[in-house]
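The values are calculated or read from the model by the stated rules, or taken from the named source; none is laboratory data. Here the structure is a predicted model, which means the values were calculated and not measured. When we count neighbours, we look across all protein chains shown, and the Cβ atoms used for this are built from the backbone with ideal geometry, even at glycine.
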Amino acid sequence: MGKMIEAESLTKIFPGGITAVDGVSFTVAEGEIFGFLGPNGAGKSTTIAMLTTLLRPTGGTARVAGMDITRQAYQVRLAIGYVSQDLAVDDALTGYENLRLQAGFYRIPRDEVAQRITAVLEMVGLKERAQNLVETYSGGMRKRLDIACGLIHRPRLLFLDEPTLGLDIQTRREIWRYINDLREKEGMTIFVTTHYMEEADVLCDRIAIIDQGKIKVIDTPANLKSSLGSGVVTFKFAGGEPGAVNAALGRIRGLDFVSNVTSNGEKGYVATVTNGEAAIPSLFEALSGFPVKIAAISFKQPSLDDVFLHYTGREMRESGGGREEALRARLIMRRVRR
């Protein structure tokens, strides 16, 4: 299987010395659904902006659909589709009119436009609503139309930035089905960012986690979860002096069945363990002589949320620093789409 994306030491440094992306390297195979996850300001939007030729790298390079993103930017743009988390459809037009407008942007031959519009409307399940104004569409229908706009020129690779952000769970699952169909029926490669861990788990063949401009890990969802051990224990102390708490945490980190302990804010702490539910009585026993006591404790199988916390020290929904990076890249994308 060939490579749809090949990034090598890709770097972006903004004026003022802000390093948004710091030497990332990865590949995406043809026909793969690849998830790209990270906290706010981690470098996701800037990486996408470089891969879609909207930003020129400071260093490194990448090939998309076999073409260099710097030397062959125009050809790359013809080979890709991009759907932002911000809807780009016009409410005052019908679904059909939105797609006809998009076809004009790509200079699709007039004798092909009608057939292509019908084809993409069928792909996203909107053929029956083609002549209705978009202002009458539900949120999920608008997002599906937005995806259709990114498909009108028949791209080999589709970038989806937060494709279901703000949608209810039923609508999100409908979008997941359409995304899977694009891969299964059309053979399309899909590069997706999302804040929903369930979405990444269901959709993605592999996932990359980026933080502070660097890729921390790349693997399948199953392998990422199993890498944490046999389970995750969440616990909270019943008060205690900082020194005593730190001593207790040191004791826990030194246990042979504990592979990692991470602070989870007001929720307490998360420990990845190798001995399953047996970790709970073992933790109580290990702290029996300490002045701090465990007030609440629970065990569960590892999830992608736990993987994300393990590698970034934050939950996905938490806002990190470096919002300038995300906002800057998003403004660039908006200007280009307009």
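Side notes on the structure shown:
- The listed residues are 28, 76, 24, and the only one of them that is of a type in the set (A, V, I, L, M), part of a helix (DSSP H, G or I) and in contact with a strand residue (DSSP E or B) (Cβ under 6 Å, 6 or more places away or on another chain) turns out to be 76.
- Criterion (more than 30 Å from residue 31 (Cβ to Cβ) and in a loop (DSSP other than H, G, I, E, B)) met by exactly one of 281, 291: 291
Residues are listed down the side, and each one gets a yes or a no for (1) part of a helix (DSSP H, G or I); (2) in the same structural domain as residue 292 (by the TED database); (3) in contact (Cβ under 8 Å) with a residue 12 or more places away in the chain:
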position	(1), (2), (3)
195	no, no, yes
199	yes, no, yes
207	no, no, yes
239	no, yes, yes
246	yes, yes, no
252	yes, yes, yes
266	yes, yes, no
277	yes, yes, yes
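- Extreme residue, surrounded by the fewest Cβ atoms within 10 Å (Cβ to Cβ), among residues of the stretch 99-132 that are of a type in the set (Asp, Glu) and farther than 18 Å from residue 78 by Cα: 111
- Among the residues here, residue 170 qualifies as farther than 29 Å from residue 263 by Cα and either of a type outside the set (Lys, Arg) or buried (at least 18 other Cβ atoms within 10 Å of the Cβ) (or both).
- Single residue of the stretch 71-93 satisfying the filter (more than 26 Å from residue 30 (Cα to Cα) and surrounded by fewer than 19 Cβ atoms within 10 Å (Cβ to Cβ)) that is nearest to the chain's Cα centre (by Cα): 86
- Restricting attention to the stretch 105-131, the residues that are of a type in the set (Val, Ile, Thr) and either modelled with pLDDT of 95 or more or farther than 17 Å from residue 143 by Cβ (or both) total 4.
- Enumeration of residues in the stretch 25-70 that are charged (D, E, K, R) and surrounded by fewer than 17 Cβ atoms within 10 Å (Cβ to Cβ): 30, 56, 68
- Residues in the stretch 196-231 that are crowded, with 18+ Cβ neighbours inside 10 Å, of a type outside the set (A, V, I, L, M, F, W, C) and under 27 Å from residue 120 (Cβ atoms): 3 in all.
- Restricting attention to the stretch 133-149, the residues that are surrounded by fewer than 22 Cβ atoms within 10 Å (Cβ to Cβ) and either small (Gly, Ala, Ser) or closer than 24 Å to residue 27 by Cβ (or both) add up to 3.
- Close contacts from the stretch 78-92, counting a first residue that is in the same structural domain as residue 120 (by the TED database) and farther than 19 Å from residue 135 by Cα and a second that is part of a loop (DSSP other than H, G, I, E, B) and polar (S, T, N, Q), with Cβ to Cβ under 9 Å and a gap of 6+ residues or different chains, come to 80/52; 80/53; 82/52.
- Qualifying residue in the stretch 49-67 (condition: touching an Asp or Glu at 6+ places or on another chain (Cβ under 6 Å), touching a residue at least 40 places away in the same chain (Cβ under 8 Å) and not in a strand (DSSP E or B)): no
- Unmet criterion (only one of (1) among the acidic types (Asp, Glu); (2) under 23 Å from residue 199 (Cβ atoms); (3) at pLDDT below 80) for residue 324: (2)
- When residues of the stretch 237-246 are limited to those that are in contact with a strand residue (DSSP E or B) (Cβ under 7 Å, 6 or more places away or on another chain) and surrounded by 15 or more Cβ atoms within 10 Å (Cβ to Cβ), the one farthest from residue 265 (Cα to Cα): 245
- Test for residue 271: is it aliphatic (A, V, I, L, M) and crowded, with 17+ Cβ neighbours inside 10 Å: yes
- Checked against the criteria, residue 81 counts as in a strand (DSSP E or B), in contact with a His (Cβ under 9 Å, 6 or more places away or on another chain) and under 24 Å from residue 155 (Cα atoms).
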